[in-house]
Amino acid sequence: LGPARHDQAPSGAVGLTASGGGATGGGGRGRGDAGGYHPADPYGNFPGFPDEDTTEAGGRRIDYDELEHDPSERKPGGPVAEVVLRCLTPQAYRQKWLLPLAAFLTALFLQSIGLYLATRRYVAWMSRLDDRLRLSTGREEDADARRRHILERLRPRDNFAALLGAPRDVQEELIDLLAWCVPIVWLALCLNSRSLRLWCRTLAAGSALAILKGLLAWATLVPDSAGWEACHDRLESHALAHFQDPGAGRSVLGVLEGVSIVLRIWVSDVFTGMRGKQGLVCSNSFSGPTYFCVLFSLGVFDALRTKVRRVKPMFRTAAHIAFSAALAGLVLFDAYVDLVNERQYTMDVVVAIALSLLLYSSPIIAIGVDSFMVRGAPRAAEHKEGADVGDVLVPPCCIPFCWSHGRYFLYTRSAEEIEGMRRIQVEGAKMAEDFLAEQEEGTRQLLELEASIESVKQRTQVRERQEASEAERHLMEMTFEVQRAHELRVE
């Protein structure tokens, strides 16, 4: 586990989006253009044509946008992403998006079942206790006040909430709307960047939190933070009657009504971020609205870190601080409103924040997400050799570890082995480039030599034809002179 360095270029895709251009051929050849075929010059050299990876001079094209990039963030695309995209069918690729969503919705449904069972036990318990208190106090004038006083003393004491002052009606609509917008922003960022890793990581952590909340709510009964009287007044009349009916679980009508309540809790959790079920649930576990807000705030911060990876370091750091401060302020203010309005215990809020941070930054989830992303692409294993098997994000709000914030990449081998393998890969790549350059230089010299030989051969043939023509002309002149001298003697 260690932060990525600039020269390591961690593999893997952000969202499995392939990028990068094709390679050029040897001997300085390009892909050509719309002009068609271009012949070689007299020395056997082909003209070079620039493409995505080469300049007009034939050199490597520099991506100036990557000169200031954050070395701890993944560059979109990569060899593993390209292999996975080539190996997966469109249907398999869609399944990688749909399976995490299905798992998250199923976990929320199981959470709804746990909250339903816990609320039913709590209402039945408090109703029996309330009835006994009514019988024991009789019809005295202060009987109702004494009964309420006894029920109030049965409620756990929240010391931190007491320090904040008496319960007061703080307006919840605005903060609930802002908190509800966080998952919407996260969804827009995921779809815009097609970040499958972010999608799977967030929904996997959310699934674990939902199952854990439902299990703990059923396993340990915690009284409602506002008290039994507030719970009794808040519950819908038909839901309260269902929870108070001891035979509801033994009749078909009661089971159907229970299923309808579970479905209503589930739909409310999905579409309101666990903020619209106050008339159906009274039991407490760690805070659902808080963990929902924290989880998707972490996802938004994760996505925004990737968005500013190519910004200059000073502005990038300022952006990280601004994003984390805004999201942390939203989470804390949302928790404050829940505490002063007695919607949650302090314990519930703190545990929800801690569990959300721990599960989102869990190495187990990171490794599982990485394995899920490359599953179904056998050739990806070749490109994953020596690469990371996932990453964890430590946000700046992780007090007292805020100074160690950043993204850390996970490897199955020691740092020395990874550095050695990367050194060997770099040296091998350099040797391959040198060999290719030597091969190209040898090919160029061979073509030049062949062109020179051909040129000498052509010049020799021309010279021979010229000498033959000159000799023939000289012979004809001599013949003409001899013939003329012979004619003069005869005369």
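Before moving on, here are some points about what is shown:
- Applying both filters, DSSP loop and at most 15 other Cβ atoms within 10 Å, to the chymotrypsin sites (Phe, Trp or Tyr not before Pro) of region 395-491 gives Phe401.
- The length gained on full extension between Leu332 and Glu440, counted as 0.36 nm times the residue separation minus their Cα-Cα distance, comes to 32.6 nm.
- Backbone HN-Hα couplings from phi across region 444-451 [Karplus 6.51/-1.76/1.60, Hz, Gly and Pro as x]: 5, 5, 5, 5, 5, 5, 4, 5
- Sulfur and carbon atoms: percent of accessible area, region 357-485 [1.4 Å]: 62
- FRET efficiency, Leu178 to Thr317 (Cβ-Cβ, R0 41 Å, nearest 0.05): 0.95
- Local electrostatic count at Glu441 - Lys and Arg +1, Asp and Glu -1, tallied over other residues with Cβ under 13 Å: -4
- Using θ = phi - 60° and Karplus 6.51 cos²θ - 1.76 cosθ + 1.60, couplings along region 477-482 (whole Hz; Gly, Pro as x): 5, 4, 4, 5, 5, 5
- Annotation for region 414-465: trypsin sites (Lys or Arg not before Pro) lying in DSSP loop with at most 16 further Cβ atoms inside 10 Å of their Cβ do not exist.
- Rounded accessible area of Met126 (nearest 10 Å², 1.4 Å probe): 10
- Take the Cβ atoms of Ala102 and Glu450, set R0 to 56 Å, and the FRET efficiency comes out at 0.30.
- Full extension of the segment from Leu164 to Leu410, taken as 0.36 nm per residue of separation minus the current Cα-Cα distance, would add 84.4 nm.
- Listed pairs Lys213/Lys307; Lys75/Lys213; Lys75/Lys430; Lys213/Lys277 exceeding 24 Å between Cα atoms: Lys213/Lys307; Lys75/Lys213
- For region 153-235, applying the loop criterion from DSSP together with a ceiling of 14 other beta carbons within 10 Å to the trypsin sites (Lys or Arg not before Pro) yields Arg157, Arg168.
- The slack between Leu129 and His486, meaning 0.36 nm per residue of separation minus the straight C-alpha distance, is 112.9 nm.
The values are calculated or read from the model by the stated rules, or taken from the named source; none is laboratory data. In this text the structure is predicted, and so the values were computed from the model without any measurement. With ideal geometry, Cβ positions are generated from the backbone for all residues, glycine too; neighbour counts draw on all protein chains shown. The protein model used for the area step is the full one, side chains on, heavy atoms only, and it has no ligands, DNA or RNA in it. Shrake-Rupley method; radii C 1.70, N 1.55, O 1.52, S 1.80 Å.
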